[in-house]
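A.B. asks: Can you read through this structure? Questions will come right after.
The values are calculated or read from the model by the stated rules, or taken from the named source; none is laboratory data. Note that the structure is a prediction, hence the values are computed from the model and not measured. Positions of Cβ are generated from backbone atoms using ideal geometry, with glycine treated the same way; all protein chains shown enter the neighbour counts. We work out accessible area using only protein heavy atoms, side chains counted, and drop any ligands, DNA or RNA first. Shrake-Rupley method; radii C 1.70, N 1.55, O 1.52, S 1.80 Å.
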Amino acid sequence: MKSNSEHKIYDCIIIGGGQAGLSVGYFFRRTKLEYLILDEQDTVGGAWLKTWDSLKLFSPAVYSSLSGWQMPNTDEEYPTKNEFIKYITAYKKRYNFPVNYSTTVQQVIKEHNLYKITTNKGIFYSKTLVSATGTAKNPFIPTYPKADIFKGEQIHSVNYKNASSLKDKNVIVVGGGNSGAQILTEVSKVAKTKWVTLKEPNFLPKEIDGRYLFKEATESYVNNDTKSYTEKVSLSDIVQIKTVQEALKRGVFKDYRPFTSFYENGVIWEDNTKEPVDVIIWCTGFRPNLEHLSALQITKNSKINTTGTKATDINGLWLVGYGNWTGFASATIYGVGKTAKQTVKEIAVYVGGL
């Protein structure tokens with residue numbers, strides 16, 4: 001192995017080239033620090049490359065923009081998945097971020113006060129590290145009794161693409177957020193569906209969407225009123241995009257509380273009745289993708305302790321874009337910029353003090 005002196009040492013390496021990683025890169029451009037983004041995808045797009053075909057964002061283009069460059073207006077009010085991928089691709093090109101694609105981080109350790117990042121493309125060293133890998137690689141499916149004997153198909157939303165294979169099947173969609181509602185809207189057109197949610201889902205009024213949620217969040221952020229925004233603002237409330245409004249008219253959104261168990265051919269409800277099911281689609285969210293940091297031994301309950309985005313149990317590590325624990329709305333397109341900006345400020349101070 002080469003000695004450290006034979007390796008280039010970056011001021012910062014960012015792991016993950018999706019919306020969070022590129023947002024951090026945007027603010028690094030304003031500094032003299034030397035940084036590099038490592039991304040395991042073959043091209044720009046991050047987790048958006050893996051989502052279902054008909055996905056719609058729940059904010060108009062101007063509220064679906066990354067720092068520094070507004071997303072162009074789209075054909076309809078809410079941008080599609082492909083429109084956003086086109087925008088983020090142009091964003092990366094516009095700012096010419098230094099990204100090494102097809103680079104999978106296998107392990108991160110601290111060595112001689114530097115981060116040693118082992119990848120399939122060799123070893124990298126940096127004074128600081130930003131982890132921006134998101135959650136898409138770590139889908140969450142709740143544990144149910146006898147799930148192992150169920151003969152039907154189980155799909156997490158990350159693997160769902162479209163409803164073409166579900167025609168005339170009995171399908172249960174589990175999850176009361178925007179992903180569950182949008183997927184149910186589509187599947188219900190070709191299959192017999194039921195919608196399982198932990199509690200009665202909340203549909204926002206037609207005139208309320210992501211732009212209003214983010215406006216309230218921004219005001220709370222500026223006023224340092226964290227209690228207010230955590231109580232008032234819920235990004236899990238369902239936005240009535242056009243397809244959701246249409247499904248409401250069809251009476252699709254009758255919600256049921258969770259079943260209690262599986263059996264070979266379906267599910268068992270609370271009253272012990274059995275119902276045959278061909279497919280379960282789990283729209284039950286994700287957990288942070290932090291496996292690459294496991295050797296640092298600071299991960300607890302699928303999270304790393306942070307103050308803002310800065311790790312508290314190790315020096316020189318920041319985590320961006322994982323959810324409210326790394327900044328309110330930081331896992332959203334519009335919200336990640338605030339935490340990315342503050343992160344780069346902190347890294348500049350830290351590197352300057354080394």
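A.B. asks: So if I average 1/r over every pair of distinct C-alpha atoms in the chain and take the inverse, what Kirkwood radius in Å does that give?
C.D. replies: Details: mean 1/r = 0.0460 Å⁻¹.
About 21.7 Å for the chain.
A.B. asks: Taking only protein heavy atoms into account and a 1.4 Å probe, give the accessible area per residue of the range 63-103 in Å².
C.D. replies: For the range 63-103, the solvent-accessible area averages 53 Å² per residue.
A.B. asks: For every other residue with a beta carbon closer than 12 angstrom to the beta carbon of residue 244, add +1 if it is Lys or Arg and -1 if Asp or Glu, then tell me the sum.
C.D. replies: Numbers: positive: 56, 206, 242, 249, 250; negative: 186, 209, 237, 246.
Computed value for this residue: +1.
A.B. asks: What does the C-alpha gyration tensor say about the overall shape of the range 1-80? Classify as rounded when a/c is under 1.5, otherwise prolate if a/b is larger than b/c, or oblate.
C.D. replies: On the way: a/c = 4.91, a/b = 2.00, b/c = 2.45.
Oblate shape, in that a/c is at least 1.5 and b/c is the bigger or equal ratio.
A.B. asks: Quick one: accessible area per residue over the range 280-329, 1.4 Å probe, rounded to a whole number of Å²?
C.D. replies: 41 Å²
A.B. asks: Could you pull out the pairs from 81/199; 146/242; 92/151 whose alpha carbons sit more than 32 Å apart here? Kindly include the intermediate steps, with their values, before the conclusion.
C.D. replies: Values: 81/199 28 Å; 146/242 38 Å; 92/151 44 Å.
146/242; 92/151, as the Cα separations exceed 32 Å there.
A.B. asks: Right, here's the next one. Angle, helix 336-352 long axis vs. longest principal axis of the chain, Cα atoms, 0 to 90°, nearest 10?
C.D. replies: 20 degrees
A.B. asks: Roughly how many percent of the accessible protein surface of the chain is carbon and sulfur, given a 1.4 Å probe and a whole-percent answer? Walk me through the intermediate numbers first.
C.D. replies: Numbers: 8200 of 17130 Å².
Exposed carbon and sulfur together represent 48 percent of the surface.
A.B. asks: Give, in nm to one decimal, the length gained when the segment between residue 146 and residue 208 is fully stretched (0.36 nm per residue of separation minus the Cα-Cα distance). Walk me through the intermediate numbers first.
C.D. replies: Numbers: separation 62, 0.36 × 62 = 22.32 nm, distance 4.07 nm.
Here the answer is 18.2 nm.
A.B. asks: Hand me the tally of lysine pairs in the range 291-354: alpha carbons under 21 angstrom apart, and the pair either on different chains or 8 or more positions apart.
C.D. replies: Numbers: 300/310; 303/338; 310/338; 310/341; 310/345.
Value for the range 291-354: 5.
A.B. asks: I've got another one for you. Explain nothing, just the number: dipole magnitude of the chain about its Cα centre with +1 on each Lys and Arg Cβ and -1 on each Asp and Glu Cβ, in debye rounded to the nearest 20. Before the final figure, lay out the partial values.
C.D. replies: On the way: 44 positive and 34 negative charges, 124 e Å.
Rounded to the nearest 20 debye, it is 600 debye.
A.B. asks: Counting pairs of Cα atoms in the range 252-354, how many percent are more than 22 Å apart? Could you put the intermediate results ahead of the total?
C.D. replies: Numbers: 2753 of 5253 pairs.
Summing the P(r) tail past 22 Å for the range 252-354 gives 52 percent.
A.B. asks: A further question follows. Based on the Cβ-Cβ distance from residue 168 to residue 248, what FRET efficiency comes out when R0 is 22 Å, to the nearest 0.05? Numbers along the way, then the final one.
C.D. replies: Numbers: r = 23 Å, r/R0 = 1.06.
The pair residue 168/residue 248 has a calculated efficiency of 0.40.
A.B. asks: Right, something else. Take residue 30, project a point 7 Å from its Cα along the Cβ direction, then tell me which residues of the range 322-343 have their backbone nitrogen under 11 Å from it.
C.D. replies: Within reach of a label on residue 30, which here means backbone N under 11 Å from a point 7 Å along Cα→Cβ, the range 322-343 contributes 338, 340-343.
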